[in-house]
Every structure is written in C-alpha cells, then in structure tokens.
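The values are calculated or read from the model by the stated rules, or taken from the named source; none is laboratory data. Just so it is clear, the structure is predicted and the values come from calculations on it, not from any experiment. Heads up, the Cβs are rebuilt from the backbone with ideal geometry, glycines too, and the neighbour counts pull from every protein chain shown. With ligands, DNA and RNA removed, areas are computed over all heavy atoms of the protein, side chains included. Shrake-Rupley method; radii C 1.70, N 1.55, O 1.52, S 1.80 Å.
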Amino acid sequence: MTDETRDYINNWEKELKKINGNELSDFFNRFQTLYPIYNRLYNDAFRNEKAKNKGLNRISDYEKATVFVRDFIGSDLIIQDLKADSRIDDIKAISDLIDKEIFHINLKDGIGQEKFDKQLSKNLVNEQDNSIRAKAVLSVIYNVRCNLVHGYKNLEEHQRMLLEPVQNLLLTVVETLKNRLK
C-alpha cells in the first residue's frame, strides 16, 4: 500500500468515525464513506498485481470489485473473516430480502432483474462453494453502491433493512482487503 493510499484511507476513516448515530442517514453516510476506501484499495491492489503480471488485462470496475477482489484475497479468507465478524446473519438477511422481493439488487434502468436476483440470493447462502458465495457478497456490495449512487434506491426508512447488513459486510471486506495489502 502506498503512502498516498494510506493517507487517503486515514482521511476517510476519520470521517467514518464522525458518523455515530443509528438514523437511516447515518447508515447511508457510513456506507458512502466506506465505499471510497474499498474502491481505492481494490484499484491499488489491481494496479500492483498488473505491474507484476503484464498479462493482466484491463477489466471493468465491477470485475475488479468482485472477481478480482475475491481472487486477490481468496474466497476462503473472505468467508472466514465474515464468519469471524458474525456477518453470516447479515448475508442471510440480504438473501431473505431478495427472496421476499423486498429489494432488488440487480437493476436495469431501475427495473429489478428477478432472475439475476434469485440466483444472487441462492449464491449468497451457498455453503458448499466459498468462491460463489464470496463473489455474491461482493456483488451485493457493488450493486447496492451503484443503485445508491445512480439514483435507483431512495432514502426511505425501509432501506435500513438493506443498508445495515450491507454496511456490515463492507466493513469486514475493507478490513480483510487492508490486511491483505499490508
């Protein structure tokens, strides 16, 4: 991790410590503060790996945030850290929200993609293949971020049901990625 990245993360983490409440806006703000840290970390990791492996091609941001992070950290370690931080209930809660069609995670032009969401829900609770499960967790984080930033998720009280567990998953993933980069 470069000094510049370390400073960047420290600055965002200072902002994160200022958000202490349990209002819906606090969950939103914590997620929106955590995600730039995650983004910086996975982009730095990708740059570092690309410098070592010239054959590593340019990939989409989605692929960096999901497949690359999963492979860089290791799916077993991601799931292990999520379990250690008691985040499995958060994963199950998100899966339930998808199954009950309370939230759509995969959106196309603001319209829920039921087929993709059903598969995502199934992948989130897949206890047989950590690779599939880890990618599903990372996909949820990435897609919720896109939905928030690009305007497809309103800030309404029921959003707490999704934002709280997704924020918890992101906290663990950020710490796992930081540790992997040390």
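Right, Leu107: more than 27 Å from Leu16 (Cα to Cα) and open to solvent by 40 Å² or more (accessible area, probe 1.4 Å) or not? It is true that Leu107 is more than 27 Å from Leu16 (Cα to Cα) and open to solvent by 40 Å² or more (accessible area, probe 1.4 Å).
Here Asp76 fulfils each of the conditions (1) in contact with a helix residue (DSSP H, G or I) (Cβ under 6 Å, 6 or more places away or on another chain); (2) open to solvent by less than 70 Å² (accessible area, probe 1.4 Å); (3) not β-branched (Val, Ile, Thr) apart from (2). Taking first residues from the range 150-161 that are charged (D, E, K, R) and open to solvent by 90 Å² or more (accessible area, probe 1.4 Å) and partners that are in a helix (DSSP H, G or I) and at pLDDT 75 or above, the Cβ contacts under 7 Å between residues at least 6 apart in sequence or on separate chains come to Glu157/Leu24. If you filter the range 1-32 down to residues that are part of a loop (DSSP other than H, G, I, E, B) and open to solvent by less than 90 Å² (accessible area, probe 1.4 Å), you find that the one that is nearest to Glu49 (Cα to Cα) is Met1. Can you tell me which residues in the range 14-40 are of a type in the set (Ser, Thr, Tyr) and over 17 Å from the mean Cα position of the chain (by Cα)? Within the range 14-40, Ser25 is the sole residue that qualifies. For the range 111-134, indicate whether the set of residues that are of a type in the set (A, V, I, L, M, F, W, C), under 25 Å from Glu49 (Cβ atoms) and surrounded by 20 or more Cβ atoms within 10 Å (Cβ to Cβ) is non-empty. Yes, the conditions are met somewhere in the range 111-134.
Out of the range 102-146, which residues are acidic (Asp, Glu) and at pLDDT below 90? Scanning the range 102-146 gives Asp109, Glu114, Asp117. Check whether at least one residue in the range 90-104 is aliphatic (A, V, I, L, M), crowded, with 20+ Cβ neighbours inside 10 Å and within 20 Å of Ile9 (Cβ to Cβ), and report yes or no. The answer is no, given that none of the residues of the range 90-104 is aliphatic (A, V, I, L, M), crowded, with 20+ Cβ neighbours inside 10 Å and within 20 Å of Ile9 (Cβ to Cβ). Of the residues making up the range 64-86, just one is part of a helix (DSSP H, G or I), among the polar types (S, T, N, Q) and without any contact (Cβ under 8 Å) to a residue 40 or more places away in the chain, namely Gln80. Is it the case that Asn123 is assigned to a helix (DSSP H, G or I), under 13 Å from Ile78 (Cα atoms), of a type outside the set (D, E, K, R) and without any contact (Cβ under 8 Å) to a residue 24 or more places away in the chain? Considered against the rule, which asks whether it is assigned to a helix (DSSP H, G or I), under 13 Å from Ile78 (Cα atoms), of a type outside the set (D, E, K, R) and without any contact (Cβ under 8 Å) to a residue 24 or more places away in the chain, Asn123 comes out as no.
For the range 21-39, the count of residues that are basic (Lys, Arg), in contact (Cβ under 8 Å) with a residue 60 or more places away in the chain and at negative phi is at least one. Scanning the range 41-63 for residues that are under 15 Å from the mean Cα position of the chain (by Cα) and buried (at least 20 other Cβ atoms within 10 Å of the Cβ) yields a total of 2.
I'd like the full set of residues that are assigned to a helix (DSSP H, G or I) and within 18 Å of Glu127 (Cα to Cα), limited to the range 87-114. Within the range 87-114, Ile88, Asp89, Asp90, Ile91, Lys92, Ala93, Ile94, Ser95, Asp96, Ile98, Asp99 meet the criteria.
Criterion applied to Leu163, Leu148 was being under 18 Å from Arg30 (Cα atoms), aliphatic (A, V, I, L, M), part of a helix (DSSP H, G or I) and touching a Lys or Arg at 6+ places or on another chain (Cβ under 9 Å), and the one residue passing it is Leu163.
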